[in-house]
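Notes follow once the structure below has been shown.
The values are calculated or read from the model by the stated rules, or taken from the named source; none is laboratory data. Predicted model only: the values in this text are computed from it and were never measured. No Cβ is skipped: glycine too gets one built from the backbone with ideal geometry, and neighbour counts run over all protein chains shown.
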Amino acid sequence: MTQTTTPPAPEVPLPPGTHVISDWADWDFQYRLIWGERRDIADISISVQPCASQLPNGTIDDHGEPPAIMLDEIKEPVEPGGGVYRDHFAISADGARRLAHALLETADEIDGWVNR
């Protein structure tokens, strides 16, 4: 009978303000998935939340699974009494900066229409 051993989970600290969403064992001890604080944007049913893969040496993977910002549309329950559900859209940090710039330009354009 062949006996297999499970490697020990790396003992590295989480980055400040993060929590584990999927642990080492879920990914053959190659990495774990971590999430940061969710920020709900009032009045538009959108939330943003950072996520990343943390490697066993404690660093954040920025090549294979680079960090991303999850943009979520918060929707109504599918059935009565059910919780809300979210549609995920992942974007890189650089993409988020470009999106923020485009959103600000678009908001300025709309303000120009209204403030004639």
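Under the condition of being touching a Phe, Trp or Tyr at 6+ places or on another chain (Cβ under 9 Å) and assigned to a loop (DSSP other than H, G, I, E, B), the residues counted in the range 66-76 number 1.
Here Asp61 meets each of (1) of a type in the set (Asp, Glu); (2) over 21 Å from Ala93 (Cα atoms); (3) surrounded by 13 or more Cβ atoms within 10 Å (Cβ to Cβ) with one exception, condition (2). Here Val114 fulfils each of the conditions (1) surrounded by 10 or more Cβ atoms within 10 Å (Cβ to Cβ); (2) at pLDDT 70 or above apart from (1). For the range 38-65, the tally of residues that are in a loop (DSSP other than H, G, I, E, B) and either hydroxyl-bearing (Ser, Thr, Tyr) or modelled with pLDDT under 85 (or both) stands at 9.
Filtering the range 1-37 to residues that are of a type in the set (Ser, Thr, Tyr), part of a loop (DSSP other than H, G, I, E, B) and either surrounded by 12 or more Cβ atoms within 10 Å (Cβ to Cβ) or touching a His at 6+ places or on another chain (Cβ under 7 Å) (or both) leaves Thr18, Tyr31. For the range 66-88, the tally of residues that are modelled with pLDDT under 80 and surrounded by 13 or more Cβ atoms within 10 Å (Cβ to Cβ) stands at 2.
This table checks each residue for (1) out of contact with any Pro (no Cβ under 7 Å at 6 or more places or on another chain); (2) within 25 Å of Leu99 (Cβ to Cβ).
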residue: Leu14; (1), (2): yes, no
residue: Thr18; (1), (2): yes, yes
residue: Ser22; (1), (2): yes, no
residue: Ala25; (1), (2): yes, no
residue: Ile41; (1), (2): yes, yes
residue: Ser47; (1), (2): yes, yes
residue: Pro50; (1), (2): no, yes
